[in-house]
Protein chains: 2
Amino acid sequence: MKIYRYPERKIWSELVKRPVFEREEISGLITEIFEAVEKNGDKALVGFNKKFDKAVTPEITVSAEELENAENAVPENLKKAIKQAKENITKFHTAQKTQTEKIETAKGVICWRENRAVEKVGIYIPGGTAPLFSTVLMLAVPANLAGCQEIILCTPPDRNGNINPAILFTAKLCGITKIFKTGGAQAIAAMTLGTESIPAVYKIFGPGNQFVVAAKEYAQRYGVAVDMPAGPSEVLVIADGKAVPDFCAADLLSQAEHGSDSQVVFITTDAKIFTGTIEAVEKQIIKLPRNEMARQSLQNSLFILTSSLEDALDFSNLYAPEHLILALENFENYIPGIRNAGSVFLGNYSCESAGDYASGTNHTLPTNAYAKNYSGVSLDSFVKKITFQHLSREGLKSIGKTIEIMAEAEGLIAHKNAVSIRLK
Amino acid sequence: MKIYRYPERKIWSELVKRPVFEREEISGLITEIFEAVEKNGDKALVGFNKKFDKAVTPEITVSAEELENAENAVPENLKKAIKQAKENITKFHTAQKTQTEKIETAKGVICWRENRAVEKVGIYIPGGTAPLFSTVLMLAVPANLAGCQEIILCTPPDRNGNINPAILFTAKLCGITKIFKTGGAQAIAAMTLGTESIPAVYKIFGPGNQFVVAAKEYAQRYGVAVDMPAGPSEVLVIADGKAVPDFCAADLLSQAEHGSDSQVVFITTDAKIFTGTIEAVEKQIIKLPRNEMARQSLQNSLFILTSSLEDALDFSNLYAPEHLILALENFENYIPGIRNAGSVFLGNYSCESAGDYASGTNHTLPTNAYAKNYSGVSLDSFVKKITFQHLSREGLKSIGKTIEIMAEAEGLIAHKNAVSIRLK
């Protein structure tokens, strides 16, 4: 833990810096993987499964039988929980649908926007220590609501060549049946380039390790879009004297357990809450199964005592956290002052894990200070907004002169002619 | 012109291919420019102005006096035109504002989204043959509506070290007073890294040549966002027997005059309109001041005769044009079938130049088939949408079990604890 009492503003820009991620070292490997997938398709993927995941997968496509078996393998209470979460996520994302509103910008000139789904999208779900079936919900639900025609999912197999049943169950629940056993950079390459089994998509979503992140960056050279740039997960908690140290500590630890590079920041104006939360962290961490990971993450964590909540909010805006918890009595007063954050949790009962799973908001959020210039995933991420305009002859007359004068001043005479020839 | 009569579907994927842009050759130069700007700031920019633009600019910041003089140098009728265009663009983009809607996803769980402006944005306006003051409107108007706190503009000086007065006038009209004389990759580097005069921004907008495009791509390594990937401008016109060949030709040429790499596609089901439009192009091109540029562009243009409008629309969706003109009598019937396009122009009087300048829609649009996965610039491009959630104690009770079960199944016990400790 790094503890700061009333740090001067001039050192804030140092404090908000994230650890730098070394990218150059792996770029050669990414290029090689893309080349192999482009050249050998499915065969390359089978090879990478063996090489990187120690898995034998003669078929990379998940079979109908595997999907069926997964259904039976997931406990009923987990199924029920996944369904409730899906319902809440569906409610919140359905409310993001927008109506077409036609605007008459000038007499006879009607303009509007219409949404169209990105036709083909790919979802990547990492393997590793935690089977992130919750991320399947967060990406598949809005993809379906948007009306994407083709939604595919790639995720790495375990050593037995299997996919975690909860991931398969959730995918099927969301209507996704094209699921492929491939992970890491090779999965991104496959969704970008297409193989015999895996269709190429227009946009790729989902979290991953540094290889996946680098591959998503590289994939953009091929015209594919991605959800957003990525970095380690983060939480920043702002607490006042009415906060509960045990709750704050639990939130900080739920971030810290994600990985040794997780970012955890605690800011309070209350000296008692400050020491109380530090003590509560020490007490709670012992009981965690992932306490070693959490402890590593906490080494880089910031615990800051500030003289005012305004200072705390200023620091938060500079940091631009992925998750911001306002453990404040009068949290309403501070909402307008939030300028940069991914998702905000208000009051003592809005723990971050509520948003991670089931409140209905999306947990795919901008990290690494990208909350300054990116939004989290929403229904918008799965659609394009196309603008339309209809001008009647009168409409063109009403703005024709303006177009002609501007086009001529920009030296674009053919642009002018397109008006003149119509109004002649 | 490349002329195809009833081309088979199997060759369509060849026909929709854009010319490939060689990127590797200039990446070394981009890195050098970023390093020079990072090291030497304003001094580097002054040097690049001399080297690349043959301009002596002891000051790179446009002075209040220069802004004042520009106002006097712009003819009254042009000022009036710019103001009318601004008004229409403002109307259309104002209608893109969204209301905050709070959703109760489960009892006691309230979720919503709020918009926050990207605090610092940079607008790049190219120099060269056409002074694109219209692009100033297209970017500055929504930036202002969004509430961006800092809006800066970079554009290259002419050989006398001056900026085109129409650009300065338009910028000032939109309330932009921080204008800097720097162009190309160095302008993008300056807005990314900051210099003594130029503040670093969070998001960069605007068109440019291949150096600007490559620099915008490179800038993203520093955490800056950009409006969208870029490519040469395009139009695709679909015409039926009621279209007017002279109008179609004028629209095709207004695209062709943009540059020798502009993409022009004409599709019709009517053999007379087909030959008529080809003839009209030949007739009109002679009179254009930029006819050499237009002629080069037309060499790669596609003129396609199809057997049905459905085929024409299918081709268009595969091509995913930046601009799509439906010169069709019953254009309404074909709107639902448009899946991929940047902006659509309906009927015989909606010429592309209307949208380029004054209908109110934005002319910063996805090219190079990016209409498959990107929207054009809108108010959304200048804001982030932050999600909020408030759970009462009852709210956490109503979804707590779901969170606990899911967190445990993902192996994230601290996530579970954050709920359990609150409900104990």
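Mind checking which residues of the range B:23-53 are modelled with pLDDT of 95 or more and among the basic types (K, R)? Within the range B:23-53, B:K39, B:K43, B:K50, B:K51 qualify.
For the criterion of being over 30 Å from B:F92 (Cα atoms) and modelled with pLDDT of 95 or more, B:S308 passes.
Restricted to the range A:356-373, and to residues there that are open to solvent by 10 Å² or more (accessible area, probe 1.4 Å) and in a helix (DSSP H, G or I), the residue that is nearest to the other protein chains (Cβ to nearest Cβ) is A:K372.
Looking across the range A:377-413, the residues that are surrounded by 23 or more Cβ atoms within 10 Å (Cβ to Cβ), within 7 Å of another protein chain (Cβ to nearest Cβ) and under 30 Å from A:S343 (Cβ atoms) come down to A:K384, A:I386, A:T387.
Checking B:S353 against (1) assigned to a loop (DSSP other than H, G, I, E, B); (2) open to solvent by less than 10 Å² (accessible area, probe 1.4 Å); (3) within 7 Å of chain A (Cβ to nearest Cβ), which single condition isn't satisfied? Exception for B:S353: condition (1). So is B:L29 surrounded by fewer than 17 Cβ atoms within 10 Å (Cβ to Cβ) and in a helix (DSSP H, G or I) or not? Yes.
Kindly provide the set of residues from the range A:338-350 that are surrounded by fewer than 24 Cβ atoms within 10 Å (Cβ to Cβ), more than 17 Å from A:V265 (Cβ to Cβ) and within 7 Å of chain B (Cβ to nearest Cβ), ordered by number. So that I can check it myself, show each step before the final result.
Step one: of the range A:338-350, the residues surrounded by fewer than 24 Cβ atoms within 10 Å (Cβ to Cβ) are A:338-340, A:346-348.
Filter once more, so that each one left must be more than 17 Å from A:V265 (Cβ to Cβ): A:346-348.
Answer for the range A:338-350, where residues must be surrounded by fewer than 24 Cβ atoms within 10 Å (Cβ to Cβ), more than 17 Å from A:V265 (Cβ to Cβ) and within 7 Å of chain B (Cβ to nearest Cβ): A:L346, A:G347.
Evaluated against (1) open to solvent by 40 Å² or more (accessible area, probe 1.4 Å); (2) touching a strand residue (DSSP E or B) at 6+ places or on another chain (Cβ under 7 Å); (3) farther than 30 Å from B:E279 by Cβ, B:N49 falls short on exactly one condition, (1). Within the range A:94-108, the set of residues being at the interface with chain B (Cβ under 7 Å from one of its Cβ atoms) and in contact with a strand residue (DSSP E or B) (Cβ under 6 Å, 6 or more places away or on another chain) comprises A:A95, A:I103, A:T105.
From the list A:Q263, A:Q255, which residue is within 27 Å of the chain's Cα centre (by Cα), within 12 Å of another protein chain (Cβ to nearest Cβ) and closer than 30 Å to B:K120 by Cβ?
Numbers: A:Q263 fails: within 12 Å of another protein chain (Cβ to nearest Cβ).
Matching residue, one of A:Q263, A:Q255: A:Q255.
As a summary of the residue check, A:S308 satisfies the conditions (1) open to solvent by less than 50 Å² (accessible area, probe 1.4 Å); (2) within 11 Å of another protein chain (Cβ to nearest Cβ); (3) among the hydroxyl-bearing types (S, T, Y) except for the one numbered (2).
Restricting the range B:1-26 to residues that are assigned to a helix (DSSP H, G or I) and open to solvent by less than 100 Å² (accessible area, probe 1.4 Å) leaves a set whose member that is farthest from B:L302 (Cα to Cα) is B:I26.
Can we say A:R290 is surrounded by fewer than 18 Cβ atoms within 10 Å (Cβ to Cβ), within 14 Å of chain B (Cβ to nearest Cβ) and either within 25 Å of the chain's Cα centre (by Cα) or within 30 Å of B:A225 (Cβ to Cβ) (or both)? No, not satisfied. Is it fair to say B:I89 is of a type outside the set (K, R) and at the interface with another protein chain (Cβ under 9 Å from one of its Cβ atoms)? It is true that B:I89 is of a type outside the set (K, R) and at the interface with another protein chain (Cβ under 9 Å from one of its Cβ atoms).
Checked against the criterion of being over 24 Å from A:V235 (Cβ atoms), part of a loop (DSSP other than H, G, I, E, B) and touching a helix residue (DSSP H, G or I) at 6+ places or on another chain (Cβ under 6 Å), the candidates A:A36, A:A55, A:A44 yield just one match: A:A55.
A search for C-beta distances below 6 Å between a residue of the range B:67-79 that is surrounded by 13 or more Cβ atoms within 10 Å (Cβ to Cβ) and any residue that is charged (D, E, K, R), counting only pairs 6+ apart in sequence or on different chains, returns B:L67/B:K172. Of the strands (runs of 3 or more DSSP E) lying entirely inside the range A:109-169, those containing at least 1 residues that are open to solvent by less than 20 Å² (accessible area, probe 1.4 Å) and within 11 Å of chain B (Cβ to nearest Cβ) are A:109-117, A:120-124.
Out of all the residues in the range A:404-421, is one or more of a type in the set (K, R) and not in a helix (DSSP H, G or I)? Talk me through it step by step, then tell me what you get.
From the range A:404-421, those of a type in the set (K, R) are A:416; that's our starting set.
Those left that are additionally not in a helix (DSSP H, G or I): none.
No - not one qualifying residue is present in the range A:404-421.
The values are calculated or read from the model by the stated rules, or taken from the named source; none is laboratory data. Owing to the predicted nature of the structure, the values given are computational and were not obtained by experimental measurement. Backbone-built Cβ (ideal geometry, glycine too); neighbour counts: all protein chains shown. Heavy atoms of the whole protein, side chains included, go into the accessibility calculation; ligands, DNA and RNA do not. Shrake-Rupley method; radii C 1.70, N 1.55, O 1.52, S 1.80 Å.
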